[in-house]
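**Q** Can you read through this structure? Questions will come right after.
Each reported figure results from applying straightforward, stated rules to the coordinates on display, with no laboratory input. Everything numeric in this text was worked out from a predicted model, so none of it was measured. Positions of Cβ are generated from backbone atoms using ideal geometry, with glycine treated the same way; all protein chains shown enter the neighbour counts.
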Amino acid sequence: MKIALVQSNPTVNDFAGNSALIRRGAEEARRRGAELAVFTELCLCGYPPRDLVEKPSFLEDNRKALERLARSLPLPAIVGFVGRSGDDTGKQAMNCLALLADGAIRFEQAKRLLPTYDVFDEARNFAPARSQCTFPFCGSQLALTICEDCWNDKTFWERRLYDCDPIEELVGQGADLLINISASPFSLGKRRLRREMLQALARRHRLPVAMANQVGGSDSLIFDGSSLGVDPTGRVAAQAFSFAEDLVLFDTATGQGEIHPQPEEGIEEAFEALRLGTRDYVHKCGFRQVLVGLSGGIDSSVTAALAVASLGADNVLGVAMPGPYSSRHSFEDAQALARNLGIRFLTLDVRELYQAYRQALAEPFRDRPDNVTEENLQARIRGNLLMALSNKFGSLVLSTGNKSELAVGYSTLYGDLAGGLAVISDVPKMMIYDLGRYLNREREIIPENCFRKPPSAELRPDQTDQDSLPPYDLLDEILKSYIEDWETAPAIARRLHAPLERVREVVERVDRSEYKRYQAPPGLKITSKAFGLGRRFPIAQRYTSPEGKGEK
């Protein structure tokens with residue numbers, strides 16, 4: 001059978017727009033000779049719909065849109081949608097797929113395995129399928145599954161999350177072609193893991209496997225597409241682009257297909273993911289233009305360059321806000337960056353405003369020495385100015401804090417945390433430098449001085465980040481070990497040959513900063529464990545493990 005794997009970029013709750021994408025993909029599939037078009041998980045309503053599924057009108061809209069779609073498609077297609085469970089108790093919604101052919105809904109199947117780890121919370125929203133069955137089509141017996149249903153192969157995973165294996169059961173019913181529709185979020189290394197898992201599945205069951213995966217940004221999540229067709233030997237026969245809408249053909253009889261180029265793992269895929277996530281968040285939230293506060297540092301420079309790559313220079317405004325401790329070279333670096341990017345550049349001097357704040361607070365602060373309070377005043381003045389520009393111009397503010405800073409609370413509430421999207425909040429500091437070098441691969445965009453000078457918030461004389469934090473190369477290693485790998489402070493200290501007290505201090509700062517992260521803008525997820533949806537800790541807690549102070 002000649003299958004078209006169609007990865008489109010849906011928007012949650014946009015039934016008209018998503019239906020148009022599906023019809024357009026089906027038309028192209030028919031024109032190119034496909035017998036079946038395979039779309040992605042919940043492509044009709046967008047993924048993830050979260051608590052929208054609690055609204056009866058949302059479920060009704062899904063059904064009506066599916067029926068309209070069935071009448072209008074030019075060839076058979078598999079489409080994801082939200083269906084009703086039909087039960088009097090439990091969840092009213094199910095994560096479903098439908099095979100549409102000859103103007104009607106010919107077959108429906110619900111997702112059986114509902115993930116609740118990391119960013120997923122599907123058991124909150126959906127009822128699971130009690131059973132699944134194959135479906136005969138075009139001389140094949142199809143095993144039709146949805147995303148997680150194919151992620152429980154006992155021969156691939158060292159530890160499985162579920163008792164049952166839907167693929168194994170469907171193959172036992174006589175399936176000779178495995179088709180999976182997915183909305184599998186991106187993280188670094190995930191494309192390779194997904195490919196290897198599907199290859200192992202094909203080899204184990206000696207059957208062709210076709211997987212269509214969603215592409216695009218949806219709030220914090222980024223979907224990379226990278227749809228795959230794998231032959232029974234595990235050879236990749238078809239692969240769609242990553243981070244772009246695409247359609248590729250996969251002939252399951254001959255094992256032939258189209259393979260489109262892929263970005264390299266690491267910095268290139270991180271850049272493509274952040275570019276896509278930024279563009280879609282801005283546009284899907286109804287904005288066209290963005291604001292970035294430019295400090296002359298590497299973080300704001302990378303954020304602004306990503307904004308231009310995502311939205312175009314005409315839609316980005318850089319704002320420099322020099323204060324009492326800002327260096328001349330920082331302002332000049334911000335100017336040079338704006339010039340290199342071709343973006344509009346605005347200067348708002350905050351020194352007089354800062355002195356006005358100091359004067360207003362002089363009496364209540366009398367006889368108290370300056371401390372972090374005065375530093376935070378400067379950051380909050382800048383945050384207020386950016387939000388005022390946002391209100392007046394209808395532009396979205398992009399905050400510029402990285403993952404390392406967010407982890408240890410090296411940021412100011414209502415100051416540098418102000419904004420509508422935290423573009424680099426899941427990018428560790430050392431990776432920021434790598435992204436900067438990648439952005440400069442063809443010409444200098446980010447001034448060389450941004451890479452060489454010691455990182456500094458410039459909120460007091462001669463301040464550097466390392467006055468308060470370990471060197472960033474060590475800090476990033478500690479943070480990855482603690483946040484992503486769940487290691488304890490003693491284990492981290494031993495492995496990194498680092499002072500235990502230094503590691504414990506970092507761990508304690510991570511735990512104490514949860515309240516700040518709860519109030520931070522949403523960020524784009526690119527690592528295996530990002531702050532936000534995928535890491536949910538209480539703010540008010542008190543626990544010290546027997547392994548040592550600060551272990552939580």
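**Q** What are the ³J(HN,Hα) couplings of segment 243-260, residue after residue, when phi is run through the Karplus curve with 6.51, -1.76, 1.60 and θ = phi - 60°? Round to Hz, x for glycine and proline.
**A** 6, 7, 4, 6, 9, 10, 9, 9, 8, 6, 7, 9, x, 9, x, 9, 10, 9
**Q** Just report the Cα centroid separation between segment 189-251 and segment 84-103, whole Å.
**A** 25 Å
**Q** Hey, another quick one. Give the residue list of trypsin sites (Lys or Arg not before Pro) in segment 121-173 that are DSSP loop and have at most 11 other beta-carbon atoms within 10 angstrom.
**A** R130, K154, R159
**Q** Roughly how many whole Å is it from the C-alpha centroid of segment 283-320 to that of segment 397-470?
**A** 14 Å
**Q** So what J values fall out for segment 129-146 if you push phi through Karplus, 6.51 cos²θ - 1.76 cosθ + 1.60 with θ = phi - 60°, rounded to Hz, Gly and Pro as x?
**A** Result, ordered by residue: 5, 7, 7, 9, 9, 7, 9, x, 7, 6, x, 10, 9, 8, 9, 9, 10, 10 Hz.
**Q** Given points 7 Å out from each Cα along the Cα-Cβ axis, report the C133 to K64 separation in nanometres with one decimal.
**A** If labels sit at C133 and K64, their model points lie 3.1 nm apart.
**Q** Which ³J(HN,Hα) values, rounded to whole Hz and listed in residue order, are derived for segment 502-517 from phi using the Karplus coefficients 6.51, -1.76 and 1.60 in 6.51 cos²θ - 1.76 cosθ + 1.60 with θ = phi - 60°, glycine and proline given as x?
**A** Listing the rounded values in order: 5, 5, 4, 4, 5, 4, 5, 5, 4, 5, 6, 9, 4, 4, 5, 5 Hz.
**Q** Oh, and also: Kindly express, to the nearest 10 degrees and within the range 0 to 90, the angle between helix 267-284's C-alpha long axis and the longest C-alpha principal axis of the chain.
**A** Roughly 90 degrees between the two axes.
**Q** Another one. Label points 7 Å out from Cα along the Cβ direction at F537 and T233: separation in nm?
**A** Result: 4.9 nm between the two label points.
**Q** Could you tally up the Lys pairs in segment 2-259 with alpha carbons closer than 25 Å? Skip any pair fewer than 8 positions apart unless they're on separate chains.
**A** Lysine pairs satisfying the spacing and distance rule in segment 2-259 number 10.
**Q** Which of the trypsin sites (Lys or Arg not before Pro) found in segment 415-470 are loop residues per DSSP with 12 or fewer other Cβ atoms within 10 Å of their Cβ?
**A** Listed in order of number, the matching sites are R441, R443.
**Q** What is the distance in Å between the Cα centroid of segment 31-82 and that of segment 337-365?
**A** Each part reduced to its Cα centre gives a spacing of 50 Å.
**Q** Assign one of three labels to segment 2-259, namely rounded, prolate or oblate, based on the Cα gyration tensor with a ≥ b ≥ c the square roots of its eigenvalues; rounded applies when a/c is under 1.5, prolate when it is not and a/b is larger than b/c, and oblate otherwise.
**A** Since a/c stays below 1.5, the shape of segment 2-259 is classed as rounded.
**Q** Under a plain spin-label model, where a point goes 7 Å from the Cα along Cα-to-Cβ, how far apart in nm are T254 and N391?
**A** About 6.4 nm, to one decimal.
**Q** Restricting to DSSP H runs of at least four residues, report the calculated mean residue ellipticity at 222 nm for the chain, -39500 (n - 2.57) per run over all residues, nearest 500 deg cm²/dmol.
**A** So the calculated ellipticity at 222 nm is -11000 deg cm²/dmol.
**Q** Sticking with this structure for a sec: For the residues T40, T254, T89, what sequence is obtained by ranking on other C-beta atoms within 10 Å, fewest first?
**A** T89, T254, T40
**Q** Which entries in the list K284/K525; K429/K529; K403/K480; K392/K516; K403/K525; K480/K525 go over 19 Å, if you measure between the two C-alpha atoms of each?
**A** K392/K516
**Q** Which is the longest part of the chain that has none of the GluC sites (Glu not before Pro) sitting in a DSSP loop with at most 13 other Cβ atoms within 10 Å?
**A** 266-441
**Q** Pairing the Cα long axis of helix 429-439 with the longest principal axis of the chain, what angle in degrees results, from 0 to 90 and rounded to the nearest 10?
**A** On a 0 to 90 degree scale, this one is about 70.
**Q** Tell me the angle of helix 372-393 to the major Cα principal axis of the chain, expressed in degrees between 0 and 90 and rounded to the nearest ten.
**A** Helix 372-393 sits roughly 50 degrees off the main axis of the chain.
**Q** Starting from the amide H of F137, placed 1.01 Å from N in the peptide plane, find each other amide H under 5 Å away whose residue is 5 or more places distant or on another chain.
**A** L142
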